[in-house]
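Comments concern the structure below.
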Amino acid sequence: MSEESPNTRISPQTQPSLREQIADAVRTVRETTPLAQSFTNFVTINLVANAQLAAGGAAAMSFLPDDIIDTATISGADYINVGTLLPFYKDALPQVARAFHNTGHPWVLDPVAAGIGETRTAILQSFKRYPPTVIRGNASEIIALDAMWGLNEESATATASKPAGVESVDDVESAIAPAQRLAWFMARHGANGTAAVAVSGATDMVTDGEHVYRLAGGSAMMTKITGAGCSLGGVTAVYLAVAQPLIAAIAATSLYNTAGEIAEKRSNGPGSFQVALLDALWNVTAEEVADRAIDMR
Amino acid sequence: MSEESPNTRISPQTQPSLREQIADAVRTVRETTPLAQSFTNFVTINLVANAQLAAGGAAAMSFLPDDIIDTATISGADYINVGTLLPFYKDALPQVARAFHNTGHPWVLDPVAAGIGETRTAILQSFKRYPPTVIRGNASEIIALDAMWGLNEESATATASKPAGVESVDDVESAIAPAQRLAWFMARHGANGTAAVAVSGATDMVTDGEHVYRLAGGSAMMTKITGAGCSLGGVTAVYLAVAQPLIAAIAATSLYNTAGEIAEKRSNGPGSFQVALLDALWNVTAEEVADRAIDMR
Amino acid sequence: MSEESPNTRISPQTQPSLREQIADAVRTVRETTPLAQSFTNFVTINLVANAQLAAGGAAAMSFLPDDIIDTATISGADYINVGTLLPFYKDALPQVARAFHNTGHPWVLDPVAAGIGETRTAILQSFKRYPPTVIRGNASEIIALDAMWGLNEESATATASKPAGVESVDDVESAIAPAQRLAWFMARHGANGTAAVAVSGATDMVTDGEHVYRLAGGSAMMTKITGAGCSLGGVTAVYLAVAQPLIAAIAATSLYNTAGEIAEKRSNGPGSFQVALLDALWNVTAEEVADRAIDMR
């Protein structure tokens, strides 16, 4: 929370529409069970699907372009995560992104381990031409993707910090400018005219390219299970099926922060934390999610 | 449960042999730890293996034809699930089905998302020549497969309802005739001379092509975790290693309905439900599984 | 425990340095969060990652050689598990092993289902030229690998017992000589000059080729969840990032035996056992791990 600018802090009084939209997204998902399809890594694919179901959506996971393009006709949004690449992804993922672009199908990109491996770099660079609607990643990934897309002359020539595998070595604040550039670029060049970037960290950040929203809370235990970030990305796609990019990103992040706090209290280690997290995603109310503190600038 | 035909309801008095065979299957699995091999999707592969172990069997998962054909010499039955297809499956899966057919190796097919994607359709169509011993799916998948195999002139020309990804949009009753046609075809053209089809839904249905068995119970929470159906298919293969197709399908479905009811009572959301489901698969008695109501016509 | 040779039993008094090194490894992992990368099977990949995190390390899973070789520059050790092979592994895995060998990068091999499938055999045979630093497997796998590498004239001509899929059909004692031969060979021909082999079973065994250490305890429930062995292999790689091969193998095995005993007491079946196992991996102290009985000869 910012102490310098208390007047920009969003409260139910000052900007009720944002909170109403968040609560609406949470409720609409539970009432309509929207399908979000995922092309995601093998480590956390089960948790992504279970989190999407626990949030109230439906899940389908696919890897073949013909499967994905066919399923996309019945899914509200898609989620693409570039972890655990296989050889055929190099052609399949750009093909899928192009198909989404051509039909205006909204999708969430999770640029896992951006900066590692030439195949991953080639895939992520190809997405510049067919940009996603939402990006969710950690600070290092967002900084690396901004550099790959060459959105800033400084960043294009800067020596990006080497990511520590799938862990971030940068803090969220250092990713704000890259995130804003990415969101601005996606809104301008994407198929939907609007976009958002969410950066996960101790305090999460979401931006539509203009405003920056900081969302505190959650649990440090989220870094002690695999897939908290991936499953948040998958749930963001579920919300994106019923809401605008900015609202989807904020609602999913707030849901996770709320559920993470509850799960931490009800668990005794990472095994029981993951179980309690899924239970909490299922049980928290739309009001609990919408009424959290949001610092907007 | 049918109110019209209470006299066809199976009770321990009217048809003890069916119940005895169910109880025998549950006990024999626990006493002999039969191996069932799986070629299954990446979303729920862990739950399939854990459910097979919790039911008392052993699990091995393979994707390369040389692995599968080699392991099949020591497995009692196999499980094939066509979710999350990769490019090489298009050749590998028909090759595996042919090998099973030539050796008379029993196997369970889970036609996940039947009707979506031309690769999946090509694979599922190829299985008509080398049919499985048991099929387990939801109503939409069973209807789609029956249409693909052209088992009914009406169904071959009918416009099948588009499946909602991996979720069924049809009810179990509408899948009865397709399920009977599939079971009849498999019994006639399969390697074993006998077959069964199980349709999962609010009330499950199992048929050998002649009789139709309805099995009520279970838990709506099974649709709120990913893999309840897949793991039921995997457990069906474990039972198929020690029992006839009809008994294997009924026993596995009854085990799941029993365990699902127990798990629902002991859980507080989908995370704890899955944990409790595995515990219940392990702890329920053969009598609890065999003594459930079965509506046979 | 051996009754014949109580004088060789290691106690804190007779060989404190071994126990100190075990406790140091457990503590150092928790303090430094070393990254261990895995190329592992799809069944248990999630549990491997979660166990590595629960033990205090960091996890990254990769399959493309360019990803793996790039990530290996920031990982302390790697874990390779040959379950669920895909076609491209036949070239990728030998390429990765060669790269590790050339840079002296330490790695743990889990020869899952050694002896099944010609592709797996070709891959495992290729590793003789670029040997791992630690091998962890069940008795049948260790015996099969020793035979494949032709380390003993008798074993090269003996008819190895057919493995029962991923389950061992041999007992740990019968794998001692093969394990010693493998460890001796790896120490001599590997990149690090030192090596260890761990054999999992009712009583586990670890050897550096010279001494044999027997570690009792754990829980029979570990055989009723999938991935206890795989995740132990992954955690061994985490310890290998901060300790010598012998210490890494003993520390990881002791951690698992300690955590397994705790988990068994706090669970009611395989579902809750896995949850409790992850919690226990997180909560046990370095002293609890280091103070267990070790029978050394």
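Overview of values
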item: A:ARG19 accessible area, assembled protein chains, probe 1.4 Å, Å²; result: 20 Å²
item: Cα gyration tensor category, rounded, prolate or oblate, for the range B:31-82 with a/c compared to 1.5; result: oblate
item: Whichever aspartates and glutamates have a C-alpha closer than 14 Å to that of B:LYS90, once near sequence neighbours (fewer than 8 apart) are set aside; result: A:ASP66, A:ASP67, B:GLU118
item: Three-way shape label, the range B:156-297, alpha-carbon gyration tensor, a/c 1.5; result: oblate
item: Accessible area of the range C:155-297 belonging to carbon and sulfur atoms, whole % at 1.4 Å probe; result: 51 percent
item: Peptide-level mean, for B:216-227, of C-beta atoms on other protein chains within 10 Å; result: 3
item: Overall form of chain A per C-alpha gyration tensor (a/c, 1.5; a/b vs b/c); result: rounded
item: Selected from C:ILE294, C:MET221, C:VAL242, residue furthest toward positive end of dipole (chain C; charges at beta carbon); result: C:VAL242
item: Mean separation of Cα contacts under 8 Å, 6 or more apart, over the residue count of chain A: relative contact order %; result: 23 percent
item: Nitroxide proxy distance, nm - points 7 Å out along Cα→Cβ at B:ASN152 and C:ASP91; result: 4.8 nm
item: Span from the the range A:76-145 Cα centroid across to the the range C:56-91 one, whole angstrom; result: 21 Å
item: Karplus 3J(HN,Hα) series, Hz, for the range C:19-32 with 6.51 cos²θ - 1.76 cosθ + 1.60 (x for Gly, Pro); result: 5, 5, 5, 5, 4, 4, 4, 4, 5, 4, 4, 5, 8, 10
item: Cα-centre dipole for the range B:6-296 with unit charges at Cβ (Lys and Arg positive, Asp and Glu negative), debye to 20; result: 120 debye
item: Paramagnetic reach from C:HIS211 (point 7 Å along Cα→Cβ, amide N under 12 Å) across the range C:236-259; result: C:246-247, C:250
item: HN-Hα J in Hz across the range C:261-267 - Karplus 6.51, -1.76, 1.60, θ = phi - 60°, x for Gly and Pro; result: 5, 5, 4, 4, 5, 9, 10
item: Mean Cβ neighbour count within 10 Å, used as a protection proxy, ranking C:99-109, C:78-88, A:107-117 highest first; result: A:107-117, C:78-88, C:99-109
item: FRET efficiency, C:THR194 to C:LYS265 (Cβ-Cβ, R0 45 Å, nearest 0.05); result: 0.80
item: The range B:18-79, accessible surface, carbon-and-sulfur percent (1.4 angstrom probe); result: 50 percent
item: Per-residue average of Cβ from other chains inside 10 Å of C:263-273; result: 6
item: Spin-label model distance (nm) - B:SER174 vs C:SER174, 7 Å beyond Cα toward Cβ; result: 5.6 nm
item: Range in chain C, longest, excluding exposed GluC sites (Glu not before Pro) [loop by DSSP; at most 14 other beta-carbon atoms within 10 Å]; result: C:5-209
item: Accessible area in the full protein assembly, largest first, 1.4 Å probe, for A:VAL275, B:VAL96; result: A:VAL275, B:VAL96
item: Computed accessible area, C:CYS230, all protein chains, 1.4 angstrom probe, square angstrom; result: 20 Å²
item: Built amide H within the under 5 Å cut-off of A:TYR79, gap 5+; result: A:GLN37, A:SER38, A:PHE39, A:VAL108
item: Label spacing, shortest first and in nm, from A:THR285 to its equivalents in the remaining copies (7 angstrom along Cα→Cβ); result: 4.3, 4.3
item: Per residue accessible area of the range C:184-297, 1.4 Å probe, in Å²; result: 31 Å²
item: Two-site label geometry, A:GLU167 and A:ARG30: point separation in nm, points 7 Å out along Cα→Cβ; result: 3.6 nm
item: Distances in nm from C:SER126 to the matching label points in the other copies, shortest first (labels 7 Å along Cα to Cβ); result: 2.5, 2.5
item: Minimum 30 Å² accessible area buried by the other protein chains, the range A:106-123 residues, probe 1.4 Å, relative to alone; result: A:ILE116, A:GLY117, A:THR119
item: Average beta carbon contacts from partner chains per residue of C:83-91, 10 Å cutoff; result: 5
item: Occluded residues from the range A:58-72, i.e. those whose accessible area drops by 10 Å² or more once the chain is not alone (1.4 Å probe); result: A:ALA58, A:ALA59, A:ALA60, A:MET61, A:PHE63, A:LEU64, A:ASP66, A:ASP67, A:ASP70, A:THR71
item: Calculated from backbone phi, Karplus (6.51, -1.76, 1.60) coupling profile of the range A:106-122 in Hz, x at Gly/Pro; result: x, 8, 10, 9, 10, x, 3, 6, 3, x, 9, x, 5, 5, 4, 4, 4
item: Area hidden from solvent between A and B (accessible, protein heavy atoms only, 1.4 Å, total, Å²); result: 2300 Å²
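The values are calculated or read from the model by the stated rules, or taken from the named source; none is laboratory data. Because the structure is predicted, anything quoted here is derived from the model rather than measured. Please note: Cβ atoms are built from the backbone with ideal geometry, for glycine as well, and neighbour counts cover all protein chains shown. Note: areas computed on protein heavy atoms with side chains; ligands, DNA, RNA excluded. Shrake-Rupley method; radii C 1.70, N 1.55, O 1.52, S 1.80 Å.
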